[in-house]
Amino acid sequence: MRRRLPWALLGVLVLAQVCYPLTAGATRARLTVATVLLGYLLAVGHALLSRGVRAAGALVAVATGGGFAIEALGVTTGFPFGGYDYSGELGPRLAGVPLVIPLAWTWMAWPAWLVAARLAPPGPRRVALAAIGLSAWDLFLDPQMVAEGYWAWRDPTPALPGLPGVPVSNYLGWLLFAVLLAATLRPLAGPAVDRADGRDAPMLALYLWTYASSVLAHAVFLDLPASAAWGGAGMAVAAVPLALSLAREQRHRRPVDVAA
């Protein structure tokens, strides 16, 4: 059950994301909330089943609690992302922040950390890779959500070429918080999160699926080619080395034919 449940949740999550381009309006908003809830359950559930209560509690405290705090600060003061406001389409709000938003931080923070744990040694390089792996996701997320009208920026300038609705300050704010999140997670979670292993296959698959499906969806189905390009380049920093690492591991596992 410990191994099968994360795979089952990942399958349901993938199905929900496949359905996203087929919906519109209120149905799409509800599906967005449901998808985030699934991603949150998958991330926290995997942390609990694979690393224990301390690691799962640390993930919730740092990513969910910290995510809410930084979003509330952002909505109130404009720091560190820039001035923005949420619409009412993402469900109940507290301090101006939809309650589903901190869950989204948690959803991707855990796989980003595990990817970094697999690819980089403990220390600053791991923190940097985990932070990039998480914050680069927003190169897909923010343009998509702004296009849906789920939030809007008061002054979306200066912006990246092709992404006029989102200021550069937003991406820098994501990177800043992602560094703080990654740097704090290990001390709170303990040594159980120091290394990636075979139990993490669903989370690594989630990261690669998020990368590949986001490029495809933005380029083909959502009419957001610029975010497909920016997000594809940003998440490739972690996704491409991960894919190469998994491919090398798979080659080494293949039986060697010995001539009689």
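The values are calculated or read from the model by the stated rules, or taken from the named source; none is laboratory data. It should be emphasised that the depicted structure is a prediction, and the values quoted were computed from it without experimental measurement. Virtual Cβ from ideal backbone geometry, glycine too; neighbours counted across all protein chains shown. The area values use the complete protein model at the heavy-atom level, side chains included, leaving out ligands, DNA and RNA. Shrake-Rupley method; radii C 1.70, N 1.55, O 1.52, S 1.80 Å.
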Subject >> One residue from 31, 42, 13, 38 being without any contact (Cβ under 8 Å) to a residue 60 or more places away in the chain, open to solvent by less than 40 Å² (accessible area, probe 1.4 Å) and in contact with a Leu (Cβ under 8 Å, 6 or more places away or on another chain) >> reply: 38
**OP:** Within the range 209-223, track down each residue that is part of a helix (DSSP H, G or I) and surrounded by fewer than 19 Cβ atoms within 10 Å (Cβ to Cβ).
**Re:** 209, 212, 213, 216, 219, 220, 221
Original post:
When you scan the range 149-171, how many residues do you find that are over 20 Å from residue 232 (Cβ atoms) and within 19 Å of the chain's Cα centre (by Cα)?
Top reply: 3
Original post:
So, in the range 137-162, of the ones that are open to solvent by less than 10 Å² (accessible area, probe 1.4 Å) and out of contact with any Leu (no Cβ under 7 Å at 6 or more places or on another chain), which residue ends up nearest to residue 111 (Cα to Cα)?
Top reply: 138
Subject >> Failed item in (1) touching a Leu at 6+ places or on another chain (Cβ under 8 Å); (2) closer than 26 Å to residue 122 by Cβ; (3) surrounded by fewer than 16 Cβ atoms within 10 Å (Cβ to Cβ), with residue 168 passing the rest >> reply: (2)
Original post:
What about residue 147, is it in contact (Cβ under 8 Å) with a residue 24 or more places away in the chain and of a type in the set (Gly, Ala, Ser)?
Top reply: yes
Original post:
Which one of these is under 17 Å from residue 185 (Cβ atoms) and not aromatic (Phe, Trp, Tyr): 72, 58?
Top reply: 58
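For every residue, the table says whether it meets (1) hydrophobic (A, V, I, L, M, F, W, C); (2) open to solvent by 20 Å² or more (accessible area, probe 1.4 Å); (3) touching a strand residue (DSSP E or B) at 6+ places or on another chain (Cβ under 8 Å).
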position: 47; (1), (2), (3): yes, no, no
position: 56; (1), (2), (3): yes, no, no
position: 59; (1), (2), (3): yes, no, no
position: 64; (1), (2), (3): no, yes, no
position: 84; (1), (2), (3): no, no, yes
position: 88; (1), (2), (3): no, yes, no
position: 91; (1), (2), (3): no, yes, yes
position: 95; (1), (2), (3): yes, yes, no
Original post:
Does the range 31-51 contain any residue that is closer than 25 Å to residue 172 by Cβ and charged (D, E, K, R)?
Top reply: no
Original post:
Only one of (1) touching a Gly at 6+ places or on another chain (Cβ under 8 Å); (2) modelled with pLDDT of 95 or more is not met by residue 60, so which one is it?
Top reply: (1)
**OP:** Considering only the range 102-132, state which residues are surrounded by 24 or more Cβ atoms within 10 Å (Cβ to Cβ) and more than 23 Å from residue 49 (Cα to Cα).
**Re:** 131
Original post:
Inside the range 175-231, can you point out the residues that are modelled with pLDDT under 95 and of a type in the set (A, V, I, L, M)?
Top reply: 196
**OP:** Kindly indicate whether residue 195 is open to solvent by 10 Å² or more (accessible area, probe 1.4 Å), basic (Lys, Arg) and touching a Ser or Thr at 6+ places or on another chain (Cβ under 9 Å).
**Re:** no
